[in-house]
Amino acid sequence: MPPPPGRRFVARDFPPRTYDIDFAGIVNNAVYIRWLEDLRLALMEEAYPIERALKDDVAPILLSTKIDYARPVTIEDKVVGRMWVPRMERVKWHVAAEFTVGERVHAGAEQVGLFIRLSTRKPIAPPEQLRAHYAADFAP
């Protein structure tokens, strides 16, 4: 499930650390949640950094995370994570990600989130800066 051609995406290297490894000698499933957070913040950094969001009284909130673990990752593996925005709705935004070692996908993920006004804790539309940045990805 790589990013579609022409789609904006962020990529980061995620070298597994000793503390990421569980008793079976593979990266613990919970580590992928941290990696997804790093990728989501990198996506935002390109158009609407978290520092700016907080100054604007805005915060991202996660509603759901789905991860498909296809192959185990070990401490020797060189993991690359990629994330993109496949869809943005009136209130929700969707992100997709993959974690590869070489050319092989080891895990794929989808997350759904929204943004809230911190002072009211009420949902708001995805910030215009994000919408504008990714608008070309949704053009027909």
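Every read-out reported here was derived from the displayed coordinates using simple, explicitly stated rules and does not represent laboratory data. Keep in mind that this is a model prediction, so the values were computed, not measured. Here the Cβ is made from the backbone with ideal geometry for all residues, glycine too, and neighbour counts use every protein chain on show.
Observations on the model:
- Axis of helix 29-47 versus longest Cα principal axis of the chain: the two differ by about 40°, to the nearest ten degrees.
- For region 1-81, the Kirkwood estimate of the hydrodynamic radius, built from every pair of different alpha carbons, is 14.7 Å.
- Region 9-138: relative contact order as a whole-number percent, Cα under 8 Å and 6+ apart: 28
- Placing a pseudo-label 7 Å from each Cα along the Cα-to-Cβ vector at ASP56 and ARG8 gives an inter-label distance of 1.2 nm.
- A protection proxy built from the mean count of other Cβ atoms within 10 Å ranks the segments 63-72, 28-37, 93-102, most packed first, as 93-102, 28-37, 63-72.
- According to the Cα-based calculation, Rg over Rh for region 75-140 is 1.11, with Rh computed by the Kirkwood formula.
- Set of lysines with alpha-carbon distance to LYS55 below 25 Å, sequence-local pairs under 8 removed: LYS92, LYS122
- Theoretical ellipticity at 222 nm over the chain - DSSP helices of four or more residues, -39500 (n - 2.57) apiece, nearest 500: -7000 deg cm²/dmol
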